[in-house]
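Asker: I'd like to ask you about the structure that follows.
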Amino acid sequence: MRRERVLLLLALGTIIIALLACGKKGPPLLPESDGPLKVKNLTAEWGNGSVILKGQVFAPLRKEKDIPEIMGCRVYYAWYAAENPPCEGCPIQYKVFREIKAKVHSKDGFYCEVEGVKGKGIHFFKVSMVDANGRVGLPSQGAKLVLD
């Protein structure tokens, strides 16, 4: 009899603790989001001793006036020798190259100058926008630049 009471109290205690400790009680819905910022139609060209990246800023669920202040961008980079290019359709191994804290967004779209890219070969770039809170948006599609 005593053993049954102890087991019953233990079971009730476990249930009470589980009910109190399992987090916020609410509907199982994802939080609403304004959607991430993304650069579309990214292009890369060589000019003034640096790479110039251009594109359009795309905010799928935001109006133009609701786009937050952009503090800069994160540049992803990959390099291949001209005599050993990646095959068409092969995945490119990008690495974070640089975070640029500058004005990169205007009415004309995305514009960023990236210094420090040297050497002949095939250069690949992707960018992600960084907002005032330090949140990084989705990466763009890749842009290719061939330097001879």
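Asker: Can you name the residue in the stretch 69-101 that is touching an Asp or Glu at 6+ places or on another chain (Cβ under 8 Å) and assigned to a loop (DSSP other than H, G, I, E, B) and is also modelled with the lowest pLDDT among such residues? Please lay out each step first, then the result.
Answerer: At the first step, the residues of the stretch 69-101 found to be touching an Asp or Glu at 6+ places or on another chain (Cβ under 8 Å) are 69-75, 82.
Filter once more, so that each one left must be assigned to a loop (DSSP other than H, G, I, E, B): 69, 82.
On the way: Glu69: 75, Ala82: 89.
This residue is Glu69.
Asker: Have a look at Gly119, Gly134 and point out the one that is under 25 Å from Gly47 (Cβ atoms) and either at pLDDT below 85 or not in a strand (DSSP E or B) (or both). Break it down stepwise before answering.
Answerer: On the way: Gly134 fails: under 25 Å from Gly47 (Cβ atoms).
Of the residues listed, the single one that is under 25 Å from Gly47 (Cβ atoms) and either at pLDDT below 85 or not in a strand (DSSP E or B) (or both) is Gly119.
Quick grid of which residues meet (1) surrounded by 14 or more Cβ atoms within 10 Å (Cβ to Cβ); (2) of a type in the set (Gly, Ala, Ser):
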{"residue": "Tyr76", "(1), (2)": "yes, no"}
{"residue": "Ala82", "(1), (2)": "no, yes"}
{"residue": "Glu88", "(1), (2)": "no, no"}
{"residue": "Gln93", "(1), (2)": "no, no"}
{"residue": "Lys101", "(1), (2)": "no, no"}
{"residue": "Val104", "(1), (2)": "yes, no"}
{"residue": "Ile122", "(1), (2)": "yes, no"}
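Asker: When you look at Gly13, is it modelled with pLDDT of 70 or more, small (Gly, Ala, Ser), farther than 28 Å from Arg135 by Cα and surrounded by 10 or more Cβ atoms within 10 Å (Cβ to Cβ), yes or no?
Answerer: Values: modelled with pLDDT of 70 or more: yes; small (Gly, Ala, Ser): yes; farther than 28 Å from Arg135 by Cα: yes; surrounded by 10 or more Cβ atoms within 10 Å (Cβ to Cβ): yes.
So Gly13 passes the test.
Asker: Among the numbered conditions (1) in contact with a Leu (Cβ under 8 Å, 6 or more places away or on another chain); (2) more than 14 Å from Leu53 (Cα to Cα); (3) of a type outside the set (A, V, I, L, M, F, W, C), tell me where Gly142 comes up short.
Answerer: It is condition (2) that Gly142 fails.
Asker: Now for a separate question. What single numbered condition from (1) at pLDDT 85 or above; (2) within 18 Å of the chain's Cα centre (by Cα); (3) charged (D, E, K, R) fails to hold for Glu45?
Answerer: Of everything listed in (1) at pLDDT 85 or above; (2) within 18 Å of the chain's Cα centre (by Cα); (3) charged (D, E, K, R), Glu45 misses just condition (2).
Asker: Anything in the stretch 104-148 that is hydrophobic (A, V, I, L, M, F, W, C) and under 17 Å from Ile92 (Cβ atoms)? List them, or say none.
Answerer: Correct list: Val114, Val117, Ile122, Phe124, Phe125, Val127, Leu138, Ala143, Leu145, Val146, Leu147.
Asker: Checking Val57 against (1) at pLDDT 85 or above; (2) farther than 22 Å from Lys120 by Cα; (3) in a strand (DSSP E or B): exactly one of these is not met. Which one?
Answerer: Evaluating Val57 over (1) at pLDDT 85 or above; (2) farther than 22 Å from Lys120 by Cα; (3) in a strand (DSSP E or B) leaves (1) as the failure.
The values are calculated or read from the model by the stated rules, or taken from the named source; none is laboratory data. The shown structure was predicted, so the numbers you read here are calculated from the model rather than taken from an experiment. Positions of Cβ are backbone-derived with ideal geometry, glycine not excepted, and every protein chain shown enters the neighbour counts.
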